[in-house]
Structure formats: structure tokens, C-alpha cells
1. What about A:Val52, is it more than 9 Å from chain B (Cβ to nearest Cβ), in a strand (DSSP E or B), modelled with pLDDT of 95 or more and crowded, with 23+ Cβ neighbours inside 10 Å?
2. Do we have any residue at all in region B:463-479 that's in a loop (DSSP other than H, G, I, E, B), within 29 Å of B:Glu337 (Cβ to Cβ) and more than 14 Å from every other protein chain (Cβ to nearest Cβ)?
3. Residue check, B:Arg457 against (1) at pLDDT below 85; (2) within 21 Å of the chain's Cα centre (by Cα); (3) among the basic types (Lys, Arg), all met but one. Which one?
4. Mind checking whether some residue in region B:109-127 is assigned to a loop (DSSP other than H, G, I, E, B) and surrounded by fewer than 24 Cβ atoms within 10 Å (Cβ to Cβ)?
5. If B:Glu209 meets every condition in (1) closer than 27 Å to B:Ala292 by Cα; (2) out of contact with any Leu (no Cβ under 9 Å at 6 or more places or on another chain); (3) charged (D, E, K, R) apart from one, which number is that one?
6. Do we find a residue being at the interface with chain A (Cβ under 9 Å from one of its Cβ atoms), in contact with a Leu (Cβ under 9 Å, 6 or more places away or on another chain) and surrounded by fewer than 24 Cβ atoms within 10 Å (Cβ to Cβ) anywhere in region B:245-263?
7. For region A:71-103, how many residues meet the condition of being buried (at least 20 other Cβ atoms within 10 Å of the Cβ) and of a type in the set (Gly, Ala, Ser)?
8. When you check B:Leu271 against the structure, is it crowded, with 24+ Cβ neighbours inside 10 Å and at pLDDT below 95, yes or no?
Amino acid sequence: MKARVEHVEHTADLAFRVFAGSLGELFATTAQAMFQQLADTTAVATTAQRHVAVEAPDRASLLVEWLNELLYLHEIHGEVYTAYAFDELTDQALRATVSGGKPKQVYTIIKGATYHNLSVRQAPEGLVATIVFDV
Amino acid sequence: MVNKKDMERVEEYCWEIPKSYRSDMRVPARIYADDALLEAALQDRSVEQLINTACLPGVVKYVLAMPDIHQGYGPPIGGVAAMNVEDGVISPGAVGYDINCGVRLLRSNLEATQIKPLMDELMDALYNSVPSGVGRGGDVHLSGRDMDNVLEKGVPWLVSRGYGRAEDATYCEEQGALAGARASAVSPKAKKRGSDQLGTLGAGNHFVEIGEVVEVFDEQAAQRFGVFMGQMVLWIHSGSRGLGHQVCTDYVRALQSAVSKYGIRLPDRELVCAPVDSPEGRDYVAAMACAANYAWGNRQLLMHRAREVMEQVLAPRFGSVGLRLVYDIAHNIAKMEEFTIDGRTVKVVVHRKGATRSFGPGNRALPSEYRDIGQPVLVPGDMGTASYLLVGTTEAAVKSFSSTCHGAGRVMSRHAATRKMHGREVQQQLQEQGIVVRGPWKGLAEEAPYAYKDIDRVVNVVHEAGLARKVARMVPLGVMKG
């Protein structure tokens, strides 16, 4: 399955449906889509590498943990991350090195990735996730 | 999907979905709306989200939606749910990520006609001096101990450090410091996020606005609140910034396990909760109070800076500007309050997510000079539209756990709003109406007036339903967005 992101209409917040061929691709594609809403991610010079380690009881919760950790790093460092190298990615644990830098422009604030309508499920050619962010 | 046939009209502006509508509902769900606003509410999932909140353990009487209801994540925005503190739950999702997002209103000695010729200068001064926008830190950097002081002592502590006047705390809900705050309940991550954000506006629908009073409905209340026809006023809308967002994230995560520990079944994971009277519930109450105090502190610093700047521009020309706080309200918060239910006094935790407290006359929580009139209720509209000052009622205590609306409520997604018009065009349209605008273009399109409900209509419903009574209507002269 070719990775792609669909915007789901939501009156107040931001919602995606993400399609990917593997768990790693799903997590990377969702993160990328989130950062593209946050900031101008074109031509971001790679000036930083950050390590992320999160755990959760299931892969949908893990997705939320991953995204919220990235939002935390974004806010305290002022960076967006455009490359993701997973050292470990199971349904319950993730360790990764993310690379990125300061964007030219930050568009908005995303307060958090929520559990509302959250799902990560198997699809005929891969995985589909739905996720809602509080903007 | 719910539709009108599933509802009973219990009053002219109140509709009820009985608890028999769905087997997991513990109480009915009520919506305050006129026919058009009800139709709008039925277009997204907001009513279904309201019904979900009626399933939470310990919920009493009914859950409510205000006429500015729209879809959120978990409960709807504009939702009110009260749980018995003895056997009920507290839910971080039913408070929201922006804990104590709220508004304050300042009055002045000046007429709007005096300052209209100076609007460009005033708005430039505010935009250049009040920290706003994404990624912009504030001028106040909090050390560990200072952070804990803000979290536990809120506005009074900041005033003691020279940020404002002694009277400011008097005109905030909870005197600007919610009791029960415990800094140790807030994670190091949340404190790190908040360490350089105190006194910053943020982005999205947060704003600083100079307005003019254009209509007075209740002369007695207006006089008591210090408001008069043609007056220049100042609105400030902001919240708990990254600290509050992280507190919500932390506790929504932490309480996922509490749900199974206490045998709670949820229709939506974002409604995760714990018994109020449990270690997890008590920790969240303590952390939420800290975030609330941070937000009051944030609005206090924003006001302090805005007052300084406006005095610098206006005082040389007009002498005393007299910018004084009318009131500060929270519209995303959970409060411990008492209500009479079936003839008994019951202590409940009232969750207001996009809803405003509306205490009537006689309530001892109010400042002494407002006590016989009622609480000022502040309802900001969208930029470019009117805002309202109302007064709380005793009727609201019976009907809505002393709650009323918080704003206009969205009708259009941010995505759709930016596709409809470019921010530059929105700015131009507002300027053609005589409103001076400062802010990034993307934000302007998302927050354009066409993305929101009609504020006059929303306020009319709460006025006619007795949830709050109109005192004055104000229009914007200048708006600054982050």
C-alpha cells in the first residue's frame, strides 16, 4: 500500500486517516503529516537528532505516545523532525532517533494527539490509522 | 446519528434526549438552542459526543450543551457535566487540553471615540509588545521555585512580585488561585514547556482586542461592573499554554489504566477518568488546579503588559486611562460546587468544556461589590463580530449547574475555512469594516467570522433561557491574534 494521508473534516480540530504498508511507515507518515500542519517542513536543515523512547499497552496508544513526544520535543526545542529511524518498534514499545531542525515558519500550535476516534487496524494491503489532534 | 425526532422540547430553548435513547446513558442529555442552532448541532457529531458524557459514572441530573455546541474530541465543546464527588469521576478529557482557557475584560475611563484615531498606533504597540504567536517565548522565565509558586498561588503571587495591582485577584474566579493545587502533581515535562511561556498569548483563537460598548441592556448591572455606553474596553483571551496541554496529555495517558482498575466502561477513550475520591483522581485535581493557576497567571501578565503599553500611548494624551479588571472567567475547567438536586444539597465536580460559570446574585464566591447583582459572564465573539458582557442568574443554578455559553462556536473546520478565503482577504474585509487587525494570515483565515456561529443568536438563547442575562454588547475596534 502506498503511504498516504487523508484529511478528515472536523469542526474544530485536526483529523487524519493514514494508510501505510507497515507499522514503521505508518508512524513515520503520521508524524510527517502532523509536522506539515504545524510548520513549513520544506528545506529544513538537519541540525539536531533526538532520541524518543515510549511504551504503551497497544499500538494505537503507542501512536499517540509517539506523536505527543514529538510535540513535546518540537515545543521545547523549536524543531520539526523530518527523518525517523526506528531501532525498535513493536505494538507496545518504540525507540527511535529523529532528525530535523528549526523550520522557516511555524503555522500553528497542536496541543496534543488525542484518543478520540483513535484506531490502528489492519487493511487489505497494510495498515490504516485514524487520529484526532486538538488544535 | 441523533435527530430531532429523538428529542423532546422541554422549554422553548431547551431540548432533551431521554436516557432511554441509549442503553449506557445514566442521565438524559439537554441542549440549549433555538431551532437553527439545533439544526447546526445535528450536522456534526457534537450531540453524539454529549450523549457519551451522559454515560460517565456518578453523573447527576442531566448533561448539558450550550447553544455554541460543536464537535470536539471526547465531550463536545459547549458541554457541561456534573458528577457526584462521592461516587463520581473526574475526566481530563472533559476539561480539555487548554486547561482554564478563559477571558478577561477590562474597562477604562475613555470613550472609544477618543481612541479611534489612534487605533493603528495602539495595535502596533500591542503587537510589538505582547508576546504572541507560535514558538515565541515570553519575557518571564520561571525558575523551579518560581514555577511552583505560580502553580500553587496563581495571581496573588504574581501581584506580590509587581505584576499587577492588589485588586486584580479579587476580580478573578477563585481569586486567581484555585485551591488544592499541588506542584508535585505536575510533571517535569509540563513545567519545562511552561517555563518560558508565562505571559504569552499563544495562537489559534487567542487574542487581545480593543472594543467599544455599543449597547447597554441592563443599566444597573453595567454601572456596577463599571461599564458605560461608548466606552473603550479591552478583552484578553488565552489559556495555560504548553503547560496545560502537557498536564492533560500526561493525565489522559495515566488514567487509561485507572479505567480498567476501577471497572469503568467508556464509549470514547478520550473520556478517560478516575473516581474523584481516588489517588489518581486527586492527583489530576491537584494538577488541573496548577494548570488553572498558570493560566490565570498568564492572563495576569498579558494584562499587565497590555496595560503598560496602552498607558504609554494614551496617558500622555488623555491623562488617566483607568484600565481596571471587570472580571476573569474560565471556560475549560472542573470545579467543586454545590447544588440542590431533588431537595438535597449535593457536592459535585462540574466539568465545563467551552462553557462559562454563571453564578447569580447572593453567591458568596463573588466579589462583595458584585454579590447582590451576580457574576459578570464574558462571552467573546469571533474577531470581527460582537462580544457580550452578561450577568449570572439564580435560574442557571437550577437549570444548568450555573453554566452558560462561552463564545460563538465553530461551524466550519479550519481546513475548510482556509480553503474558502486567504487570510489576507479576511484582513482586508475586517479593515473595510473599520477593524484594525494584526496577526499571521493563516490564523486569520482559520478564525474568520464565517467559520463561527452567529454570536447574537447564541447569546439570545442563553438570555431567553435564563442562563445569563445580557448587560452590554461590544464590537471590536482592533484585534491582535497570535
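1. Answer is no for this residue.
2. Checked region B:463-479: at least one residue is in a loop (DSSP other than H, G, I, E, B), within 29 Å of B:Glu337 (Cβ to Cβ) and more than 14 Å from every other protein chain (Cβ to nearest Cβ).
3. Condition not satisfied by B:Arg457: (1).
4. Checking region B:109-127: at least one residue is assigned to a loop (DSSP other than H, G, I, E, B) and surrounded by fewer than 24 Cβ atoms within 10 Å (Cβ to Cβ).
5. Result: B:Glu209 fails condition (2) only.
6. No, that holds for no residue.
7. Matching residues across region A:71-103 total 2.
8. Yes, satisfied.
The values are calculated or read from the model by the stated rules, or taken from the named source; none is laboratory data. No experiment lies behind these values; they were computed from the predicted model shown. Note: ideal-geometry Cβ built from the backbone for every residue, glycine included; neighbour counts use all protein chains shown.
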